Structures are given as C-alpha cells and as structure tokens.
Amino acid sequence: MEEVIRARGHEHVSAAHASTFEVTTDDYLTPAGDCILAVDADRAPADFDPAFVEACRDASAAITVTVEAGGHRDSVVGRGDPDLEFASERSAVGRTSEYVDERTVLVGAAFAAEGFDRDLVAALADGAEATVTITVE
C-alpha cells in the first residue's frame, strides 16, 4: 500500500537535521526548519486511507519514504509502531528514534534529513516540485 504527497522545495531547505525529516503543508520555511524537505504539501497524515494507517501500526511493518525532485530520488526505510496516530493535518515526520506523536509516520528510520542525497537536497533548495511516496509492507 502507498500514499503519495505532492509538495515543493524551498530556498531554505537545508536537510541538516540528525534525527528527523519532515514534509509540511505550510507554504513557508525558515532557516531554523532544518528537518524539512518540502513545503506546500497537498496532503497530510490525517488524509491517509484508514487501511494504510492500520498497516503502519504493525511494529513489524517496513515503511519506505521515497522523495523525488529535480530528477533525483532517494529512499529511507523505517518501521511501523502500534502508537502511530496519523492525526496531523499539517505535517508528516519520519524519525530515527522511537518517539511517536500525531505527526509521526515512521520510527527507526535508517537516517534523517541529513542523510538524504545532497543532489536531491540541492534540487529541493532550488524549489523543485517534489513527490513523496510512503509505502508500507
């Protein structure tokens, strides 16, 4: 199962955060938002199909987030958790930690914002259109 989010990069995308990455429906980004990969997302976790959400609540679920922009693509894998809420109407966050809140879409990610391909990050910083695909198995 998968959910697809359309968003765009922003001049302040730095992807420097060591423990999270985020895609937000906000249409702006300040330099302090160093975990944010894309803004102006057309969907948030609260919009996801209930069957997808339920599949992600399995602690053994493998969840992959793939970000594509400007001809570049990178993926990170994490896992599900029974406490995932998918309640946020604003942003989707992947975490290297076990922390869960209403924004969290996966935990135990192999890397965070700082681990994404730098050519992809540069395209996002140039404002490229982005497609974020979240897949659960």
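State to the nearest 20 debye the size of the charge dipole of the chain about its Cα centre, where the only charges are +1 on K and R beta carbons and -1 on D and E beta carbons.
Computed about the Cα centre, the dipole is about 220 debye.
Enumerate by residue number the GluC sites (Glu not before Pro) in segment 50-117 meeting two conditions: DSSP loop (anything except H, G, I, E, B), and at most 11 other Cβ atoms within 10 Å of the site's Cβ.
98
Can you compute the helix-only [θ] at 222 nm over the chain? Use -39500 (n - 2.57) per DSSP H run of at least 4 residues, normalise by all residues, nearest 500 deg cm²/dmol.
Values: 2 runs with 15 residues, N = 137.
One gets -3000 deg cm²/dmol as the mean residue ellipticity at 222 nm.
Here are some values of P(r) over Cα pairs in 10 Å bins from 0, in percent: (1) 12, 39, 29, 13, 6, 1, 0; (2) 15, 50, 31, 4; (3) 13, 48, 35, 4. Which one was computed from this structure?
Label of the calculated value: (2).
Measuring from centroid to centroid over Cα atoms, what is the spacing of segment 69-137 and segment 1-61 in Å?
So the two Cα centres are separated by 5 Å.
So for the pair residue 133, residue 18, with labels modelled 7 Å out along Cα→Cβ, what separation do we get in nm?
Placing both labels 7 Å beyond Cα along the Cβ direction yields 3.2 nm.
All of the numbers you see were taken from the coordinates with simple rules; none came from a lab. Here the structure is a predicted model, which is why all the values come from computation and not from measurement. Counting neighbours? That spans all protein chains shown, and the Cβs are built from the backbone with ideal geometry, glycine included.
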